[in-house]
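In what follows, a structure is listed as C-alpha cells, so that the remarks can point back to it.
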Amino acid sequence: MDMELFFILLMTVVFPICAVTVWIYGGKWMDLRSRQIEAEAAMTAEKAAQYAAKTERLEQRMATLERIITDRSSSLSEEIEDLREKPLN
C-alpha cells in the first residue's frame, strides 16, 4: 500500500512540477542560445567582410607591383616613391 501511495504521489505531484520547470527554463535557455548564435553569426560576417576588404587591397597592390615590374618606363622610380607614400590600410 505504501508503494502505491508513493507512485500516485510521484505521478500526480512530482512529475508535473518537474515538467513545468523544464518547460519554463528550457524555453529561456533556447532563447539565450538562439541569441548567442545570432551574435556569433554577425561577428563572423563582419570578420569575413574585413578579410575580403583586406584581400582586395592586397590584390590591388599586387597588380600595381606586377605592372611596375613588367613596365620598363622611365617613371618607375616615381611610381615606387608613390607607393611608399600610400598607407597600407
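Where a number appears in this text, it was derived from the coordinates with a stated rule and is not lab data. None of these values were measured; they are calculated from a predicted model. With ideal geometry, Cβ positions are generated from the backbone for all residues, glycine too; neighbour counts draw on all protein chains shown.
Some points to look at:
- Inspection of segment 26-38 identifies no residue that is over 27 Å from the mean Cα position of the chain (by Cα) and surrounded by 10 or more Cβ atoms within 10 Å (Cβ to Cβ).
- The residue list A45, A63 contains one member that is in a helix (DSSP H, G or I) and under 29 Å from the mean Cα position of the chain (by Cα), which is A45.
- Residue match in segment 24-32 (condition: closer than 27 Å to P87 by Cβ, out of contact with any Phe, Trp or Tyr (no Cβ under 7 Å at 6 or more places or on another chain) and assigned to a helix (DSSP H, G or I)): no
- Of all residues in segment 48-72, exactly one satisfies the criterion of being among the basic types (K, R) and loosely packed, with under 10 Cβ neighbours inside 10 Å, namely R72.
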